[in-house]
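Every number in this text was worked out from the coordinates using simple rules, so none of it is lab data. These numbers come from a predicted model, not from an experiment. Positions of Cβ are backbone-derived with ideal geometry, glycine not excepted, and every protein chain shown enters the neighbour counts.
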Protein chains: 2
Amino acid sequence: MKKEKISMDLKNSNLKVTPQRMAVLEALDSLKNHPTADKIKEYVIKNHPNVAVGTIYKTLETFFEKGLVKKVKTEKDVMRYDAILKKHHHLYCEDTEQIEDFFDDKLTKMLEEYFKKREIPNFQVKDLKLQIIGTFINKKSLNK
Amino acid sequence: MKKEKISMDLKNSNLKVTPQRMAVLEALDSLKNHPTADKIKEYVIKNHPNVAVGTIYKTLETFFEKGLVKKVKTEKDVMRYDAILKKHHHLYCEDTEQIEDFFDDKLTKMLEEYFKKREIPNFQVKDLKLQIIGTFINKKSLNK
DNA sequence: CTATTAAATAGGAATAATTCCTAATTAGGA
DNA sequence: TCCTAATTAGGAATTATTCCTATTTAATAG
Ligand SMILES: [Mn+2]
Ligand SMILES: [Mn+2]
Ligand SMILES: [Zn+2]
Ligand SMILES: [Zn+2]
């Protein structure tokens, strides 16, 4: 069962296991597409109607510090979170808010190799993420 | 003189040439490091003390629509702008807010080639930007 | 030049996202 | 079971941004 794993994640990060934190982790686990705090709040409140909004924000920030979630860089005034810790890149839709995961080990490796050789003066590279910007072509909307 | 070029930029975009717009373009031109709207406001107000804040935001959004500025993706709740239209990537400092430009045509070309071959189902790639995440090593702070 | 008018702006209120504050609760160890 | 530091609820406050509308203005035509 999943709850065991979740509470392990918390213990491993030296965080007390609380219902609020479990609820946020559950939300992160089931919400796809890089949810906002607001989406996470909605999900959490379905099962735990009296979790405070501030708690959700604080929890997300705590998780971020511990590396249990990542923040997804966007050009919008609203934060989005990513529970997928495996290295990956992102497809950004120019027309909608949609952000999709893009896994490509070959690409990741290519980039890493490139920066192994190519030193950047005064900068130590720790991570490389590609923003793949464009538009989704959902077959249906192709009939203009 | 520079003003000529700036007002040309505006005319070419079918935008009326106003002092406010000139001022924002001047600010963008001289502020480095991907300024926030707030930094731009400060700069503008030095020379034109009664430009309204809303005007600056609206102007920036207009410029964005016309492609005169770009928005820089960050994981902060504050927008940052980029007046450099030439294709480039960004160095993000993990510890500070610093974002530096990274020009590397070889890298850019490598990425473009890669995605020329590698089709992504249901997605049309229009732009590729690399987030190079790490820390700046300013020689001075190396003496711990 | 002057008149016309659609577009742009000032100034301030409103909204949205996030953070802060503090008294009450609670998880986890002794 | 008790203790205590950590966490939370609830709401106020803050920050960044957007919206509103009366007034001003840039551009164009006469
Ligand atoms: Mn905000
Ligand atoms: Mn905001
Ligand atoms: Zn992702
Ligand atoms: Zn840049």
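Residues of the stretch A:64-79 being under 11 Å from the mean Cα position of the chain (by Cα) and within 16 Å of ligand 4 (Cβ to nearest atom), which ones?
The one that is under 11 Å from the mean Cα position of the chain (by Cα) and within 16 Å of ligand 4 (Cβ to nearest atom): A:Lys73.
Restricting attention to the stretch A:87-109, which residues are within 14 Å of the chain's Cα centre (by Cα) and in a strand (DSSP E or B)?
Once the filter is applied, which keeps residues that are within 14 Å of the chain's Cα centre (by Cα) and in a strand (DSSP E or B), the stretch A:87-109 yields A:His89, A:His90, A:Leu91, A:Tyr92, A:Ile99, A:Glu100, A:Asp101, A:Phe102.
When you look at B:Ile84, is it over 16 Å from the mean Cα position of the chain (by Cα), away from ligand 1 (no atom under 16 Å from the Cβ) and not in a helix (DSSP H, G or I), yes or no?
On the way: over 16 Å from the mean Cα position of the chain (by Cα): no; away from ligand 1 (no atom under 16 Å from the Cβ): yes; not in a helix (DSSP H, G or I): yes.
No: the conditions fail for B:Ile84.
Take the conditions within 12 Å of DNA strand D (Cβ to nearest atom) and exposed (fewer than 11 other Cβ atoms within 10 Å of the Cβ) and apply them to A:Asn50. Does it pass? Lay out the reasoning, then the answer.
Values: within 12 Å of DNA strand D (Cβ to nearest atom): yes; exposed (fewer than 11 other Cβ atoms within 10 Å of the Cβ): yes.
Yes: the conditions hold for A:Asn50.
Can you name every residue in the stretch A:68-116 that is at the interface with another protein chain (Cβ under 8 Å from one of its Cβ atoms), touching a residue at least 40 places away in the same chain (Cβ under 8 Å) and surrounded by fewer than 13 Cβ atoms within 10 Å (Cβ to Cβ)?
Hits for the stretch A:68-116 are A:Val78, A:Glu94.
Would you point out the residue of the stretch A:35-50, among those that are within 12 Å of DNA strand C (Cβ to nearest atom) and touching a residue at least 24 places away in the same chain (Cβ under 8 Å), that is farthest from A:Ile99 (Cα to Cα)?
First, the residues of the stretch A:35-50 that are within 12 Å of DNA strand C (Cβ to nearest atom): A:35-42, A:48, A:50.
Then drop every residue that is not touching a residue at least 24 places away in the same chain (Cβ under 8 Å), which leaves A:35-38, A:40, A:48.
Numbers: A:Pro35: 10, A:Thr36: 12, A:Ala37: 15, A:Asp38: 16, A:Ile40: 16, A:His48: 28 Å.
By that ranking, first place goes to A:His48.
With (1) within 13 Å of DNA strand C (Cβ to nearest atom); (2) within 20 Å of B:Leu128 (Cα to Cα); (3) away from chain A (no Cβ under 14 Å) as the list, and B:Thr18 as the residue in question, which single condition is left unmet?
(2)
Any residue at all in the stretch B:124-133 that's aliphatic (A, V, I, L, M), away from ligand 4 (no atom under 16 Å from the Cβ), within 12 Å of another protein chain (Cβ to nearest Cβ) and touching a Phe, Trp or Tyr at 6+ places or on another chain (Cβ under 6 Å)?
Checking the stretch B:124-133: at least one residue is aliphatic (A, V, I, L, M), away from ligand 4 (no atom under 16 Å from the Cβ), within 12 Å of another protein chain (Cβ to nearest Cβ) and touching a Phe, Trp or Tyr at 6+ places or on another chain (Cβ under 6 Å).
A:Ile120 is checked against (1) more than 11 Å from every other protein chain (Cβ to nearest Cβ); (2) surrounded by 11 or more Cβ atoms within 10 Å (Cβ to Cβ); (3) free of Cβ contacts under 8 Å to residues at least 12 places away in the same chain; (4) in a loop (DSSP other than H, G, I, E, B) and fails just one. What number does that condition carry?
(1)
Of A:Lys46, A:Lys71, which residue is of a type in the set (Lys, Arg) and under 18 Å from A:Lys129 (Cα atoms)?
The unique qualifying residue is A:Lys71.
So, A:Asp82, is that one in contact with a strand residue (DSSP E or B) (Cβ under 9 Å, 6 or more places away or on another chain), more than 16 Å from ligand 4 (Cβ to nearest atom) and of a type outside the set (Ser, Thr, Tyr) or not?
For A:Asp82, the condition - in contact with a strand residue (DSSP E or B) (Cβ under 9 Å, 6 or more places away or on another chain), more than 16 Å from ligand 4 (Cβ to nearest atom) and of a type outside the set (Ser, Thr, Tyr) - is met.
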